[in-house]
Every structure is written in structure tokens, then in C-alpha cells.
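What follows is a set of notes on a single structure, which appears directly below.
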Amino acid sequence: VARGRSAPPGPQDDPGRPTIRVGYAELRVTPEVKRLAVTVQPERDEYRPGDSARVSVKVRDARGSGARSEVTLWAVDEGVLALTGYTTPDPIDLIYQERGLGMRLASNMTTVTPQVPEGLKGAREPGGGGGAAGADILRSRFQTTAFFLGSAVTDAQGNAVVTAKLPDNLTTFRVMAVAVTAGDRYGKGQASLLVT
């Protein structure tokens, strides 16, 4: 919103000087049609140290149909994840994350200097900006990973069964999965796997 001079130049703060104001509103559009439902299910309720765990993965699209996908699976000690607050990454949220403002204002009205009373210079609130606040993503690497399977491919119905050897830890692991299809669809899933 722009306003020209509304009053003759006056003393002090010159409230009648030309000015411009800008407002922003976030409009978040999440492409839910691209979201996959990923179900991760260990074959047994509990395993013994050193066992080979079988984990089934089911991937369904927004209509509930099976979707041939490439899935990354990994299992990390739940205690470590609880300490760090780690959650299974959601590809949709990462790909379509909030971005910083991508615009600049170009108006010479913003360069019109007001008359500032003596002693008030620098005491005002600064204006807002359009930085990329919150755009950085922190990442961590955990050493207590039971297994990491970089690429498990499901069949045409979206089903796969993977096998991984477990370490000797006596703990609960969180098995996490992230899936992607050739048709630009993404999803995540997780389940607990107890070793006792």
C-alpha cells in the first residue's frame, strides 16, 4: 500500500511524509495426492540378539492402491531417538517446505527520510525482512543403527519383505521407512522392533 505526502513537512517525526507498507500472508498448499501411505510391520513381536528380522512393507497411494516403490529402511535404538527428538522424515514436508520470501521492494518512497527528533535516532523498532528463517535443516548421524537398507523395491502391488541381521543390543529399535515412486509420490512409515 503506497501513500504520497499527506501533510506539509512538519517538525519532529514528519508523519505526513510519503510511505509504503507491505503485508504478507502464508498460503500453504500441500499436494496430498502425492502422499503415500507406508506401513512397516516386523514379522514377529520380539526377536533375540543376533536374529535376522523380517520386516514387511506395504505402500499405498492416495486411492489406496498398491504402488511400486523404492523404499529406504533403517532401524535405530529408540533410546537414542528419544534423546534427540528425532522423527521419521516426511519427504512431502521436506520437498514442499516453507521458503523465505522471494521478492524485493523497489520504491523511492522508502528512502524519504523523516525528521527525527534529537536523541531518538536508533531507538525505533527495526522493520521486518524477508529472510529464509527456518529454512535450515539440522541433520544428525546415529551410531546405534541396527540396519540401513538403502534401496528395497516393492512389487507392483506395493509389497516387499526385507531381512536384516540384528545386533546384540537389548533394546527397542524404531524401524523407519521412506518411500518414493517413479510417478513423483512420497511417503513414510515406522514401527517398533523389540530385541530382548
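The values are calculated or read from the model by the stated rules, or taken from the named source; none is laboratory data. Remember, it's a predicted structure, so these values are computed and weren't measured experimentally. Note that we place each Cβ from the backbone using ideal geometry, even for glycine, and neighbour counts take in every protein chain shown. Note: areas computed on protein heavy atoms with side chains; ligands, DNA, RNA excluded. Shrake-Rupley method; radii C 1.70, N 1.55, O 1.52, S 1.80 Å.
Scanning the stretch 27-76 for residues that are polar (S, T, N, Q) and modelled with pLDDT of 90 or more gives T39, Q41, S52, S56, S65, S69, T72. Pairing each residue of the stretch 64-81 that is closer than 11 Å to N159 by Cβ with any residue that is open to solvent by 40 Å² or more (accessible area, probe 1.4 Å), provided the two are 6+ apart or on different chains, yields C-beta distances under 6 Å for G66/Q157; R68/A156.
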